[in-house]
Amino acid sequence: MTWLTEPLGFEFVRNALVVCTVAGALCGLLGVFVTLRGMSYIGHGLSHAIFGGAALCAAIGVNFFVGAGIWGLASGLAVGRVTRRRIIGADAAIGVITTASFAFGIVLLGFYTRVKQSIEATVFGSVLGVSSGDVLLILGVTVCSVAVIVANYRSLLFTTFDPEVAEVTGVKVARIDALLMLLLSVAILSSMKVLGVTLIAAALVLPAVVARMLTDSFTRMLWLSSAIGATTGFTGMFLSYHLDVASGATIVLTGFVVFAVVFAISGRRGLRRAAGLDDHHGPAPDVSPLRAVR
Amino acid sequence: MSEPLVELRHVSHRYGNGASVLRDVDLRIGGESMLGIVGPSGSGKTTLLRVLLGTVRPGHGHVERRKGLRLGYVPQVEVVDWYFPVTVLETVLMARPARRLRPWATPVEKAEAEAVLERLGIAGLGRRHIRELSGGQQQRVFIARALLGQPELLLLDEPTSGVDVRTRHEVLHLLEELHRDGLAVVLTTHDLNGMAAHLPELLCLNVCVQAAGPPLAVLRPDVLERTYGAPMDVLEHAGLPFVVDRPGVRVS
């Protein structure tokens, strides 16, 4: 029992536990849209893009959240715009735009020494520095994100599944895409300080992939992915304290263990479900009518 | 003749690279229409459908839609992501009106969706994943989604593409039934012979309208050669035209 209660005696651990759990749930929730839209690389890409914005903010003395947030949103919208031209795939568009932004951040690092100091924490994350302000921030962002998703549930589902028909049915697809990019940017921004670039990319993808292996229902996938993200965030943070290793790594590895267990249990059925992620618009599988009406 | 639902006058459109995809197209879709748009790949069928839908704004010409017109659209099943985690009922309910901020469907909306599924003969499949259905059932799900908004005009992109003969018959019979119930139907297709038996009107398209009218008037060797760029023969069986390749002819 001491194993569980001892870390809670430290305020920074309590704060970090809340932040990791809530950030895990938030990334799990948004990760469902990201993976089903075939944009699993977006978490990795956006966090790198925001790095460029964060470096610029540090260089010119602008508030980190405002500057990097605008930068992240602009990068996300640019990715969406390039992807819709269909000449370049989503992965290539993310690769081009976000790595250019990352490279811009690296250049700034070379010019400004003071940027280097404030940016290192952004790149690698720092759980030790989690304050009650960070807790309030992630809670606020999560509550707002859930409210936006609930209010736009049908439009988000429709545009993720079938944007062309959604447009015909009256859904403002471009507006919904921009809204999702805004949510992602804000989620990454509010999680980045404590979790680092590596975890955010994994936190977006792993829970959603595991949830997809467990269910064929979109609504259940949202709940499951959020719960898996929260659980891996909480467990990974605890392991980090006891093993004295970086929290980002333990959270990602916890997520991977969950993935491996579910993969082993669900077998080919789970794999077949998850196989559709990032590989859209293929022909309908050959299912005989006899089997379908059994 | 009733007031047209959609009317196109001298509509032309080009791709981004400047290539003409539609040229001087005139088309009138009335409440009584049941029209098949046929033509080879790249002939402008899908663009014409999108002009009718309003998702493509043509570079030239006029498009008039009756005010308040309700449209239903069924995409090609080949572009559907069959691994997407949605059940049949969730798919149909995507088309429910977006009047409220509540994420879940009301009992009334669910009942409406169930009623459409029952009308299309797939009642009881609501909880199934869309991948678990036969080809004909899958088409019906997407038609059901289009019907939930109670459209006056149903537009379908290649509903018989990539499906077996049985499914093609199922889908075309269903569309005939819906048309008899008062729904105007426009579909695009590659399939010449399957259409003649089910559609009273055909439009042969290859950038320009090559011919339009009843199948017997449209499916003629000269029209088909202009449309497809290959010589074809037309046989008649039970009063219906059947298109066959001309043996021994090599297309240059």
For residue B:110, go through the aspartates and glutamates and keep the ones whose alpha-carbon is under 17 Å away, minus same-chain ones fewer than eight residues off. B:90, B:118
State the antiparallel share, in %, of DSSP beta bridges confined to the protein assembly as shown, rounding to the nearest 5. 55
Check residue B:199: other-chain or 5+ apart residues with amide H under 5 Å from its amide H, H built from backbone geometry? none
Residues of A:146-152, mean number of Cβ from any other protein chain within 10 Å of their own Cβ, rounded to a whole number? 2
Please work out how much length the chain gains when fully extended from residue B:9 to residue B:69, using 0.36 nm per residue of separation minus the C-alpha to C-alpha distance, in nm with one decimal. 19.8 nm
If the chain between residue A:8 and residue A:265 were fully extended at 0.36 nm per residue, the gain over the current Cα-Cα distance would be 89.2 nm
For residue B:55, placing the label point 7 angstrom along Cα-to-beta-carbon and taking the stretch A:157-187, residues whose amide nitrogen sits under 13 Å are A:159-174
Report, as an integer, the average count of C-beta atoms from other chains found within 10 Å of each Cβ along B:129-135. 6
Based on the Cβ-Cβ distance from residue B:111 to residue B:208, what FRET efficiency comes out when R0 is 45 Å, to the nearest 0.05? 0.45
What is the packing order of peptides A:175-182, A:40-47, taking the mean over residues of other C-beta atoms within 10 Å and listing the highest first? A:40-47, A:175-182
Cα Rg, Dmax (largest Cα-Cα span) when computed across the protein assembly as shown, Å: 27.2, 89
Tell me, what is a quarter of the convex hull surface for the C-alpha atoms of the stretch B:78-144, in nm² with one decimal? 4.7
Note: B:103-111 gets an average of partner chain Cβ contacts (10 Å, Cβ to Cβ) equal to 2
Whole-Hz ³J(HN,Hα) from phi, Karplus 6.51 cos²θ - 1.76 cosθ + 1.60, for the stretch B:68-80, glycine and proline x: x, 4, 9, 10, x, 10, 10, x, 5, 5, 5, 9, 6
Which cross-chain or sequence-distant (5 or more) residues have an amide H under 5 Å from the amide H of residue B:21, H modelled 1.01 Å from N in plane? B:13, B:14, B:15
List the residues, sorted by chain then number, that are 5 or more residues from residue B:73 or on another chain and whose placed amide H is less than 5 Å from its amide H. B:155
Mean shadow area of the stretch B:56-98 over all directions, Cα convex hull, nm²: 5.2
If you place +1 on the Cβ of every Lys and Arg and -1 on the Cβ of every Asp and Glu, how big does the dipole about the Cα centre of the stretch B:99-252 come out, in debye to the nearest 20? 640
Using θ = phi - 60° and Karplus 6.51 cos²θ - 1.76 cosθ + 1.60, couplings along the stretch B:209-220 (whole Hz; Gly, Pro as x): 6, 8, 6, 8, x, x, x, 5, 7, 8, 7, 10
Applying the Karplus parametrisation 6.51 cos²θ - 1.76 cosθ + 1.60 with θ = phi - 60° to the phi angles of the stretch B:176-186, what ³J(HN,Hα) value in whole Hz is obtained for each residue in order, glycine and proline being reported as x? 4, 4, 5, 5, 4, 7, x, 8, 6, 10, 10
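Return the ratio Rg/(2.2 N^0.38 Å) for chain B, where Rg is computed over Cα atoms only.
1.06
Only the coordinates and a few stated rules stand behind these numbers; no lab work does. Since this is a predicted model, take the numbers as computed values, not measurements. Neighbour counts run over all protein chains shown; Cβ positions are idealised from the backbone, glycine included.
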